[in-house]
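Asker: Would you mind keeping the following structure in view while I ask a few things?
The values are calculated or read from the model by the stated rules, or taken from the named source; none is laboratory data. Worth saying up front: this structure is predicted, and the values here are computed from it rather than measured. Backbone-built Cβ (ideal geometry, glycine too); neighbour counts: all protein chains shown. With ligands, DNA and RNA removed, areas are computed over all heavy atoms of the protein, side chains included. Shrake-Rupley method; radii C 1.70, N 1.55, O 1.52, S 1.80 Å.
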Amino acid sequence: MPRTTARRGLLTRAFLSLAVLAATTYLLLTTAPRLGLDLRGGTQLVLETRDSPTTKADAASTDRTLEVLRRRVDALGVAEPMLARTGTNRIVVELPDVRDPAEAVAVIGRTAALSFHPVLGPAATPERVLPDESGQGLPLGGAALSGDGVTDARASRDPQGAGWVVGIEFRDGDAWQRLTADAACAPPGDPARRVAIVLDDEVISSPQVDPSVGCGVGILGDSTQITGRFSQAEARDLALLVTAGALPVPVDVAEQRTVGPTLGAEAIEVSARAAVIGLALIAAFLVAVYRLAGLVAVVALVGYAAVSYAALLAIGATLTLPGLAGFVLAIGMAVDATVLAFERAREVGGFLPRAADRGFRGALPAIVDSNVTTLLAAGLLFLLASGPVRGFGVTLTVGVLASMFTSLVLTRLLLVLTLSSPLGRWPVLSGLAHEGRVRRWVHRRSPDFLSRPRRWLTGALVAVGLALAGLVVVGPNLGVEFTGGRMLEYAVQGANVDEVRDAVADAGFPRAVVQLSDGAVTVRTEPVGEAAVARIQEAVASVAGPAEEVRDERIGPSLGAELRVRALVALGLAVVTQLIYLAVRFDWRLGLAVVAALAQDVVLVLGIFAWLGKTMDGVFLAALLTVIGYSVNDSVVVFDRVRELRGQRRREPFARVVGSAVLQTLPRTVNTGIGVLFVLGALLLLGDGSLADFALALLLGLVVGTVSTVATAGPVAVLLDRRWPGAGRRRTPAPRPTRQDRGAVV
């Protein structure tokens with residue numbers, strides 16, 4: 001690389017690093033975090049549905065109302081809420097850290113029935129008369145369009161005057177055209193030339209059809225604007241309500257109160273201690289393995305933690321304990337890109353600053369491919385899913401982008417500067433001048449271990465069969481988020497919520513959610529019988545004194561059927577999108593092999609949890625999504641090396657090429673795995689309840705994801721190559737220099 005180009009690249013990375021770190025510092029100093037229900041508590045609303053003129057407020061209509069409310073809460077920007085039906089016609093909504101509870105109640109509880117009506121002339125008999133914006137009565141005909149025909153609504157500034165407008169897009173543009181075509185037959189100035197836009201029996205806008213529109217022609221297209229001199233907040237709320245849809249039945253706010261956190265202070269403290277210990281072990285491991293380069297990586301990881309946390313603050317993400325645990329895990333996984341570059345530098349050898357630069361450039365394709373596949377999945381989860389799955393997509397996107405900045409910009413800058421300083425004169429101190437124990441072990445192994453792929457796949461199929469047997473024989477132990485359960489409330493005097501939580505756990509309900517609010521204790525648990533309810537009441541009374549039962553209701557699942565379907569659709573499309581991307585970047589056989597390994601990993605984690613009798617709840621769902629990301633990432637790194645080696649060894653059997661790729665990337669696999677293992681081990685041993693199960697699911701995913709790359713993805717790719725040889729070989733890069741090719745290091 002020419003010296004001027006290298007210097008320009010160094011200056012660019014330095015400027016970008018300073019800009020990002022300066023913005024990070026500002027956000028950390030000026031923005032307070034939004035904490036979730038488990039860490040801080042929030043606002044609890046109890047809504048009651050009531051009959052409308054056309055719909056009875058039964059369990060089915062209440063469930064449909066709950067899904068509309070969930071969409072509204074998501075649109076409000078409230079992350080990690082809890083919504084569940086209790087009884088037949090009640091909905092409990094818990095909102096964490098809401099800045100304006102009154103506004104949230106007003107927006108959430110509004111029916112928001114939107115309709116578009118023709119304004120009738122004086123000779124016609126109106127269906128009803130409503131006052132317009134000026135207070136004059138408008139005779140309206142039947143609704144020509146309803147809110148169900150609206151696909152999207154967006155607030156924007158009025159380009160022709162003061163205030164804000166709401167842009168509407170229709171599913172059926174012909175209906176809008178017919179409505180305006182009839183109105184255009186009235187002369188300009190006639191009230192019948194107007195179209196009334198009604199929200200909850202209130203005319204919010206009644207614009208006149210433009211004189212340029214001819215009678216019987218109408219306004220072409222599938223969009224329009226609602227004008228009415230709205231403020232920004234009014235326009236935003238109206239767009240939110242229209243997009244989320246009208247409530248099937250009206251709701252009334254029966255109760256509103258503040259509730260405490262669902263987790264105790266001790267559990268939060270223990271989990272924080274586990275995270276700190278895990279991160280300290282990662283730092284020690286990096287320094288022990290990579291010495292000076294490892295110390296640089298530790299400094300860069302601190303920068304990664306700050307950048308990603310500041311980004312979460314900037315977008316107003318709600319922080320929960322599992323989310324923070326996942327954030328800590330992301331720090332461990334961010335080591336992966338750095339380890340890839342370090343191992344590439346060890347392969348290249350030679351003058352240390354150049355070796356480091358070549359290492360980062362050599363690792364770039366694998367880093368980009370693995371992160372792009374993850375971003376594709378995260379983007380689809382954000383766009384198509386809702387609730388906690390959508391929130392996971394946001395957090396994952398932030399983590400991936402911050403990881404790419406850290407590895408490709410910050411770590412590279414710091415390492416090159418460090419190795420160019422006097423400290424870089426001692427190669428032994430650098431940590432990049434020797435191969436390492438794992439790589440020396442690899443050199444003694446034959447790459448022909450995948451020459452009989454069916455043997456590997458037989459073992460994989462046996463493992464999958466055992467996992468499926470667990471799901472069929474034992475069955476999944478679904479948490480209260482999926483199954484619903486029971487909500488119990490007791491009036492108490494001066495209760496200590498941590499003591500009540502411990503007493504309920506000792507009574508045999510360790511996963512019960514216990515909250516304190518306004519002199520009452522609420523216990524939310526899985527479906528239980530009357531004997532269990534009596535034990536819970538006795539446990540509460542044993543530490544809080546007399547406990548008078550205030551409420552005993554069945555609650556529905558907080559992760560309802562619509563949310564589950566949308567999550568599955570988003571995941572399915574994410575897998576298909578990743579397959580298409582990998583088929584373009586590699587070839588379709590390698591992409592199909594990655595998907596096969598991914599499916600196996602999911603089945604194995606589900607099956608092991610079923611055999612162990614562990615609860616599969618919302619926290620487990622987040623862990624499973626993380627496992628999917630890790631599985632794809634691991635396979636992509638190996639297949640990136642397969643693509644490279646195939647360009648160098650066109651005459652070698654494909655099984656030997658795949659085996660060589662697995663062995664050459666093994667140092668990265670081992671070192672990254674150990675780094676993540678430290679965090680998961682600390683969370684598993686020191687964490688409590690669902691957080692420990694979260695760590696267990698991720699630990700299982702780490703193990704099966706690593707093994708499936710060798711035992712499933714590699715053999716499947718070999719078999720597909722034997723069945724369809726030669727496909728996709730044109731997409732192979734030029735050979736990269738290695739330690740044995742010193743002349744190529746420039």
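Asker: Under the condition of being in contact with a strand residue (DSSP E or B) (Cβ under 7 Å, 6 or more places away or on another chain) and not in a strand (DSSP E or B), which residue from segment 40-51 is least open to solvent (accessible area, probe 1.4 Å)?
Answerer: Gly41
Asker: If you scan segment 122-133, which residues turn out to be of a type outside the set (A, V, I, L, M), open to solvent by less than 90 Å² (accessible area, probe 1.4 Å) and outside any strand (DSSP E or B)?
Answerer: Pro126, Asp132
Yes/no per residue for (1) touching a residue at least 40 places away in the same chain (Cβ under 8 Å); (2) within 33 Å of the chain's Cα centre (by Cα):
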| residue | (1), (2) |
| --- | --- |
| Gly214 | no, no |
| Gly218 | yes, no |
| Asp222 | yes, yes |
| Arg236 | yes, yes |
| Ala244 | yes, yes |
| Arg257 | yes, yes |
| Leu263 | yes, yes |
| Ile268 | yes, yes |
| Ser271 | yes, yes |
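Residues are listed down the side, and each one gets a yes or a no for (1) out of contact with any helix residue (DSSP H, G or I) (no Cβ under 7 Å at 6 or more places or on another chain); (2) open to solvent by less than 30 Å² (accessible area, probe 1.4 Å); (3) modelled with pLDDT of 85 or more:
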site: Glu234; (1), (2), (3): yes, no, no
site: Leu247; (1), (2), (3): no, yes, no
site: Asp252; (1), (2), (3): yes, no, yes
site: Gln256; (1), (2), (3): no, no, no
site: Gly260; (1), (2), (3): no, yes, no
site: Ala267; (1), (2), (3): yes, yes, no
site: Ala274; (1), (2), (3): no, yes, no
site: Ala297; (1), (2), (3): no, yes, yes
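Asker: Scanning segment 630-643 for residues that are open to solvent by 10 Å² or more (accessible area, probe 1.4 Å) and charged (D, E, K, R), which turns out farthest from Leu340 (Cα to Cα)?
Answerer: Arg643
Asker: Further question: Among the residues of segment 153-164, are any in a strand (DSSP E or B), among the basic types (Lys, Arg), in contact (Cβ under 8 Å) with a residue 60 or more places away in the chain and open to solvent by 50 Å² or more (accessible area, probe 1.4 Å)?
Answerer: yes
Asker: Tally the residues that are in contact (Cβ under 8 Å) with a residue 24 or more places away in the chain and open to solvent by less than 20 Å² (accessible area, probe 1.4 Å), restricting the search to segment 568-599.
Answerer: Number of matching residues: 12.
Asker: Quick check on my filter: what residues within segment 191-219 are outside any strand (DSSP E or B) and either surrounded by 15 or more Cβ atoms within 10 Å (Cβ to Cβ) or acidic (Asp, Glu) (or both)?
Answerer: Result: Pro191, Ala192, Arg193, Asp200, Asp201, Ser206, Pro207, Val209, Asp210, Val213, Gly218, Ile219.
Condition check ((1) in a helix (DSSP H, G or I); (2) more than 21 Å from Phe639 (Cα to Cα); (3) at pLDDT below 80; (4) charged (D, E, K, R)) across all residues:
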{"site": "Ala661", "(1), (2), (3), (4)": "yes, no, no, no"}
{"site": "Arg668", "(1), (2), (3), (4)": "yes, no, no, yes"}
{"site": "Asn671", "(1), (2), (3), (4)": "yes, no, no, no"}
{"site": "Leu677", "(1), (2), (3), (4)": "yes, yes, no, no"}
{"site": "Ala697", "(1), (2), (3), (4)": "yes, yes, no, no"}
{"site": "Ala711", "(1), (2), (3), (4)": "yes, no, no, no"}
{"site": "Gly714", "(1), (2), (3), (4)": "yes, no, no, no"}
{"site": "Gly726", "(1), (2), (3), (4)": "no, no, yes, no"}
{"site": "Val746", "(1), (2), (3), (4)": "no, yes, yes, no"}
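Asker: Looking for something β-branched (Val, Ile, Thr), at pLDDT 85 or above and surrounded by fewer than 18 Cβ atoms within 10 Å (Cβ to Cβ) - is there at least one such residue anywhere in segment 484-495?
Answerer: Within segment 484-495 (the criterion being β-branched (Val, Ile, Thr), at pLDDT 85 or above and surrounded by fewer than 18 Cβ atoms within 10 Å (Cβ to Cβ)), the answer is no, since none of the residues qualifies.
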